[in-house]
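A short write-up of the structure that comes next.
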Amino acid sequence: MTKWVVLLRGINVGGRNKLPMAGLRDICQALWPESQPRTYIASGNLIIEAAGDASVIATDLGAAIKEVHGLDVPVLAIAARPFRAAVARCPFAPPEGKGVHGVFCFVAPVVDTAKRDALMVAGEGLVQDSTTLWLHTPQGISKSKLGEKLGQVIGHVPTTARNLNTLHKLVEMLDE
C-alpha cells in the first residue's frame, strides 16, 4: 500500500464545482476500503493509502466523483516520496508561504521564456522542476500578470496549484 497526495482541480472555487470533503472521503473509502482518507481544507487536498499506480488512482477517483456528484474534476495523484521531494526542492524561501505556489502539471510543460520574462515583474520568479512549476509572486498571485497568464506561458498544460503553506501541511499529514 502506498501513501498518496491527491489534488483535485477547481473544486469549491467561487461557489462552483461544490464537493463536500466528507463526500470525497466517502468515495475514497468505497473505492479503497483501507485508504484512511484525510482531507485538508475544502479545495481538494487529499491523503490516502491505496495500491495501484497514479494514473489508475486518478482515473478511478475522477470517475467516481462524476458518478456520485456529477462533477468532471481533473485529479492528480502523486506518491508520497516524490511529493515530499518536490516540496523539498522548492527554490524559494519566502517569509510567508502564500506568496509561493507549487503548480503541479498533468503533463510536462514547456515554458515560453520570452512570455515569462515579458510578464514577470521584479521579485517574481518561475522555476520548472520536472512537472512542477514553482511560482513566486511576493505581491500576491491575484496581482501578478505572470500568475494570471501562466497558461499562456506553459502552453495551456492542465495544472493544479497550491500555496507553500498548504504543501507543507500536506507533507505534515503524510508524516502523521
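Looking only at the range 1-39, how many residues end up being more than 16 Å from residue 78 (Cα to Cα), β-branched (Val, Ile, Thr) and buried (at least 16 other Cβ atoms within 10 Å of the Cβ)?
2
Could you tell me whether residue 45 is closer than 21 Å to residue 103 by Cα and buried (at least 22 other Cβ atoms within 10 Å of the Cβ)?
Values: closer than 21 Å to residue 103 by Cα: yes; buried (at least 22 other Cβ atoms within 10 Å of the Cβ): yes.
Criteria met by residue 45.
Would you check which residues across the range 1-45 are touching a Phe, Trp or Tyr at 6+ places or on another chain (Cβ under 9 Å) and among the β-branched types (Val, Ile, Thr) and list them?
Scanning the range 1-45 gives a single hit, 5.
Suppose the filter is of a type outside the set (D, E, K, R) and either free of Cβ contacts under 8 Å to residues at least 40 places away in the same chain or farther than 24 Å from residue 144 by Cβ (or both); does residue 46 pass it?
Values: of a type outside the set (D, E, K, R): yes; either free of Cβ contacts under 8 Å to residues at least 40 places away in the same chain or farther than 24 Å from residue 144 by Cβ (or both): yes.
Taking the combined requirement at face value, the residue satisfies it.
Restricting to the range 20-42, and then to whatever is hydroxyl-bearing (Ser, Thr, Tyr) and free of Cβ contacts under 8 Å to residues at least 40 places away in the same chain, can you tell me which residue is farthest from residue 160 (Cα to Cα)? Walk me through how you get there before you give the answer.
Of all residues in the range 20-42, those hydroxyl-bearing (Ser, Thr, Tyr) come to 35, 39-40.
So of that shortlist, the ones also free of Cβ contacts under 8 Å to residues at least 40 places away in the same chain come out as 35, 39.
Numbers: 35: 23, 39: 16 Å.
For the range 20-42, the residue satisfying everything is 35.
Tally the residues that are under 16 Å from residue 93 (Cα atoms) and within 15 Å of the chain's Cα centre (by Cα), restricting the search to the range 129-168.
Number satisfying all stated conditions: 11.
Kindly indicate whether any position in the range 52-65 is assigned to a strand (DSSP E or B), more than 13 Å from the chain's Cα centre (by Cα) and not assigned by TED's automatic domain parsing to the domain that holds residue 127. Talk me through it step by step, then tell me what you get.
Step one: of the range 52-65, the residues assigned to a strand (DSSP E or B) are none.
There is no residue in the range 52-65 that is assigned to a strand (DSSP E or B), more than 13 Å from the chain's Cα centre (by Cα) and not assigned by TED's automatic domain parsing to the domain that holds residue 127.
The values are calculated or read from the model by the stated rules, or taken from the named source; none is laboratory data. The shown structure was predicted, so the numbers you read here are calculated from the model rather than taken from an experiment. Methodologically, a virtual Cβ is constructed for each residue, glycine included, from the backbone with ideal geometry; neighbour enumeration extends over all protein chains shown.
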